[in-house]
Amino acid sequence: MSKVKLTIVDSLCRDGSCKAGDEFVVEGLCPPICHELWHAIYPQVFALLNGAELDYGEEKAACFDGQCPDGGRVKVHGERIE
């Protein structure tokens, strides 16, 4: 089964839940991040867990970049790992 590694790239998180450099491996359940960020990135995480390749610039790749809907205060990079 595929896994997705989430890396917090930049963070100005209001409640300190996410700090730059934090990493989480997702195998199915929500990692310990705020539900607003999870809600924003879940579709891409789900797609990667199920073998999809996503638009990434001019290419297709098994990764994505996302951000918190709270003005982009938290930026995350997700990538499929085996």
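The values are calculated or read from the model by the stated rules, or taken from the named source; none is laboratory data. It should be emphasised that the depicted structure is a prediction, and the values quoted were computed from it without experimental measurement. Virtual Cβ from ideal backbone geometry, glycine too; neighbours counted across all protein chains shown. In case anyone asks, the SASA skips ligands and DNA or RNA and just uses the protein heavy atoms, side chains included. Shrake-Rupley method; radii C 1.70, N 1.55, O 1.52, S 1.80 Å.
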Hey, among VAL9, VAL4, which residue is in contact (Cβ under 8 Å) with a residue 40 or more places away in the chain and either among the basic types (Lys, Arg) or within 13 Å of GLN67 (Cα to Cα) (or both)?
-> VAL9
Scanning region 1-42 for residues that are open to solvent by 80 Å² or more (accessible area, probe 1.4 Å) and not in a loop (DSSP other than H, G, I, E, B), the one nearest to ARG80 (Cα to Cα) turns out to be VAL25
Count of region 47-82 residues which are under 19 Å from ILE8 (Cα atoms), not aliphatic (A, V, I, L, M) and not in a loop (DSSP other than H, G, I, E, B) | 11
The condition of being at pLDDT below 95 and on the phi < 0 side of the Ramachandran plot holds, among ASP65, ASP70, only for ASP70
Go through GLU58, GLU79 for me and flag whichever is open to solvent by 90 Å² or more (accessible area, probe 1.4 Å) and on the phi < 0 side of the Ramachandran plot.
-> GLU58
